[in-house]
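Some notes on the structure that comes next.
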Amino acid sequence: MTIDRQPGRRAGQNRGRVRLLASVAAAALLLPALALAQATTSTGDAAPSGATSSGAMTSGAMTLPTIDVGADRQRDANPPTTVGSKLPLAPREVPQTVTTVPRERIEEQKLITLEDAMKQTPGVTVEPIDGNRLQFYSRGFEMTNLQFDGVPTTLDSRIFASPDLAMYERVEVLKGPAGLLNGMGGPGGAINLVRKTPKKTLEGYGELTAGSYANYRGEGDITGPLNQSGSLRGRFVGAYQDRNGFQDWTTQDRAVAYGSIAADLTPDTTLTAGAWYQRMSYKGAWNLPGYATVVNGQPQFRLLDVDRSTSLGEEWNRDIFTSKGGFADLEHKFDNGWAVKLATHYIDNEMDRKMAYAYSPVTPGVNRTTLYAQKVRYDQDQIGADLSASGNFGLFGQTHEAAVGANYERWTFRHRAANPVGSWSVTQNIFAPNASVAEPAWRDWQRDTKTTTDSWGTYGVLRLKLADPLKLIVGGRMNWWQTKVDADALARTAESSASVRGKVTPYAGLVYEVNPTYALYTSVTQMYQPQSFVDASGKVLEPLKGRQYEAGVKADYFGGRLHATASVFHIEEENRPQADPRYPNQSIYISGGKAQSRGFELDVSGEILPGWDAYAGYTFTRAKSLDSSANSGSAFTAIAPMHQFKLWTNYRLPESIDDRLSVGGGINAQTSMYNEFPSLGGARLTQGGYATVDARVGYDVTEKVTAAVNVKNLFDRTYYQRINNVQSGNIYGEPRTVMLTLRAKL
């Protein structure tokens with residue numbers, strides 16, 4: 001376990017947090033017990049008058065023989081998914097690569113946030129922007145399509161803090177363009193978060209976690225019927241986490257609340273509604289510059305070799321992220337197998353930031369960098385609605401599937417920023433930083449940018465069974481889109497606008513069932529993504545355009561318990577946005593030209609043997625810029641390692657030994673990544689290839705209580721998980737951490 005280097009400074013802070021966490025955790029563990037007691041009382045299950053306190057019958061009662069009831073563990077590592085389509089399909093039926101991170105794996109690996117789950121997803125790179133915000137990449141391209149129960153929203157990395165997975169049943173990831181449902185999305189793919197839903201049976205759990213860097217967490221989940229018939233049911237999830245970061249004086253706390261109800265209005269009509277709230281407060285400095293020297297007239301760069309605990313900032317640094325919202329879904333199922341669903345949602349995201357950060361290269365031997373400061377406020381609102389119908393129909397002696405629908409989304413983003421009064425800068429020694437400089441006085445907002453985007457369209461998909469082994473999937477979407485950008489409300493500048501009318505994004509695929517085990521597939525998907533980024537003149541950039549070709553084979557082994565996919569892909573994209581180097585940190589962009597990505601993936605998930613689960617994936621990616629401009633393409637080498645391998649496996653010992661014990665382990669490995677700067681003579685910042693190893697041991701203390709120890713980065717590998725530039729933005733990966741979890745369920 002990593003030793004806290006500043007126990008005296010943190011002790012006073014931790015005592016207050018521990019008391020609060022103890023209260024939350026105690027409530028989390030007591031919640032199922034209280035619910036069980038209430039359920040027992042309400043059903044009148046008191047001890048019979050003729051029973052003793054031990055439950056034995058009186059001597060006059062008849063004694064019944066003991067009956068042992070047993071059942072195999074039920075697991076589904078590859079459930080039907082709706083990501084990229086309104087039809088619930090098994091992975092072998094989707095003519096693209098799909099990966100699912102199921103609930104049981106989330107619990108085994110202690111995947112607390114979406115960031116944790118995506119780090120374990122084959123072919124995905126997670127790039128932190130700073131201490132909280134992040135971006136996801138697949139096959140070299142950013143993933144901007146985030147769905148909740150299949151309803152698309154916009155993932156904007158400027159204000160995106162990773163959702164807590166306590167609210168969700170599983171994570172589904174589709175690789176490649178997913179424009180069928182929302183039409184507007186890049187070639188990276190789509191992420192679908194499947195919410196936990198109310199159940200008709202009483203279920204629940206409480207969980208306590210304690211770990212390295214004073215990491216404490218309490219989590220509780222309870223669901224069940226709210227009336228005798230179960231036609232009205234509810235679910236509540238709560239979690240609170242408080243932890244220190246591995247950098248000096250860094251802290252983070254997270255509070256999550258989620259509730260939902262479901263009502264059967266008729267036997268075939270269900271209304272589900274819910275709301276959530278997540279607040280995260282972060283204090284710390286995440287950013288490191290790099291070394292810069294000049295040798296024989298050529299610049300040379302390399303990453304800092306400081307301790308991973310180094311914080312280059314000030315102790316008044318603070319980020320506060322708040323996300324809240326609600327949803328309401330109404331679904332009706334017809335007797336003929338068709339279903340109609342109306343889904344609506346509202347999302348409100350806010351971020352307040354005061355930050356002093358390193359933003360100058362370090363000269364070896366001088367070992368100093370300069371801090372600059374800024375105050376930022378981001379506000380984002382999203383409202384959306386999706387109306388769809390799906391089901392089967394017969395034609396020419398075959399049964400086919402179809403889905404049609406329409407959806408609408410309004411997205412508003414406001415960005416305000418201000419600098420300190422006067423000229424504020426602080427120089428720090430990277431080996432002995434002083435974080436006690438007072439917070440400056442701030443100017444009034446110097447920048448106020450607002451963007452409003454409306455997107456709506458209609459879509460449809462047909463899964464036509466041409467013959468018993470062959471299915472043709474065709475679909476498309478007609479899109480309407482418009483955006484208005486007020487690049488500087490304070491200066492009362494004119495708004496920029498752009499619009500799209502009736503743009504069609506087609507989709508086509510084939511699936512050929514070779515036999516019950518193997519299926520061959522191929523697909524062609526187009527993408528078209530309008531942008532709200534503006535250039536130096538305030539003009540909105542041209543939309544992203546591109547397409548993907550994919551082909552592969554899918555296999556289901558052991559009756560479908562183990563699924564495997566092997567695929568090859570080719571992606572083309574143009575009009576990529578990149579930050580204009582003439583205006584650093586000002587959200588001004590230029591189009592970066594064309595790009596291309598080619599590669600192949602191998603993905604395996606499921607149960608190898610009874611009690612032995614495995615999730616593994618290998619990805620080969622060769623992404624590059626096809627544009628000759630000096631500012632294009634270098635980011636590919638920092639976000640798309642050529643070789644990437646991910647593995648997690650967990651084994652529950654057989655009953656003959658001790659089936660209460662389970663052991664697990666995993667590895668994440670990748671080849672080197674670097675950022676190259678052609679305008680500076682091709683100088684590079686490089687992180688060599690590396691691998692991290694995780695391990696787990698779990699033990700069922702009773703049928704209802706489990707204890708587990710998870711160790712991440714077991715061998716304490718030192719590496720940079722983000723490579724940015726020599727001025728700033730380089731971020732270390734987390735050192736070894738140990739977490740002890742105690743879980744009790746109903």
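Straight-distance candidates among the lysines for linking to residue 624, with alpha-carbon spacing under 21 Å and chain neighbours fewer than 8 residues away dropped: 175, 545, 594. Per residue, the chain reaches -2500 deg cm²/dmol at 222 nm when only DSSP H runs of four or more residues are counted, each adding -39500 (n - 2.57). The spacing between segment 120-178 and segment 537-588, judged by their C-alpha centroids, is 13 Å.
A full extension of the chain between residue 434 and residue 745 corresponds to an added length of 107.3 nm, given 0.36 nm per residue minus the alpha carbon distance. Rounded to whole numbers, the Karplus 3J(HN,Hα) couplings from phi for segment 356-372 are 9, 9, 6, 8, 7, x, 10, 8, x, x, 7, 6, 10, 9, 10, 9, 10 Hz, using 6.51 cos²θ - 1.76 cosθ + 1.60 with θ = phi - 60°, and x at Gly and Pro.
For segment 556-582, the residues whose backbone nitrogen is under 14 Å from a point 7 Å from the Cα of residue 679, taken along Cα to Cβ, are 578-582. What the Cβ-Cβ distance of residue 626 and residue 701 gives, at R0 = 56 Å and to the nearest 0.05, is a FRET efficiency of 0.45. Taking amide H positions as modeled 1.01 Å from N, with prolines and chain starts lacking one, the residues under 5 Å from residue 498 and 5 or more places away or on another chain are 483.
Placing +1 on each Lys and Arg Cβ and -1 on each Asp and Glu Cβ, with no other charges, gives the chain a dipole about its Cα centre of roughly 1280 debye.
State whether segment 628-746 is rounded, prolate or oblate according to the following rule on the C-alpha gyration tensor (a ≥ b ≥ c being the square roots of its eigenvalues): a/c under 1.5 gives rounded; otherwise a/b larger than b/c gives prolate, and the remaining case gives oblate.
On the way: a/c = 3.93, a/b = 3.09, b/c = 1.27.
Prolate is the answer for segment 628-746, as a/c is 1.5 or above and a/b outweighs b/c.
Counting Lys and Arg as +1 and Asp and Glu as -1 over every other residue whose Cβ lies under 14 Å from the Cβ of residue 688, the net charge comes to +2. Kindly identify the chain as rounded, prolate or oblate by the Cα gyration tensor criterion: order the square roots of the eigenvalues as a ≥ b ≥ c, call it rounded if a/c is under 1.5, otherwise compare a/b with b/c, prolate if a/b is larger, else oblate. Since a/c reaches 1.5 but b/c is at least a/b, the shape of the chain is classed as oblate. Taking other residues whose beta carbon is less than 10 angstrom from the beta carbon of residue 456, and scoring Lys, Arg as +1 and Asp, Glu as -1, yields -1.
Where a number appears in this text, it was derived from the coordinates with a stated rule and is not lab data. Worth saying up front: this structure is predicted, and the values here are computed from it rather than measured. Every residue, glycine as well, gets a Cβ built from its backbone with ideal geometry; the counts of neighbours run over all protein chains shown.
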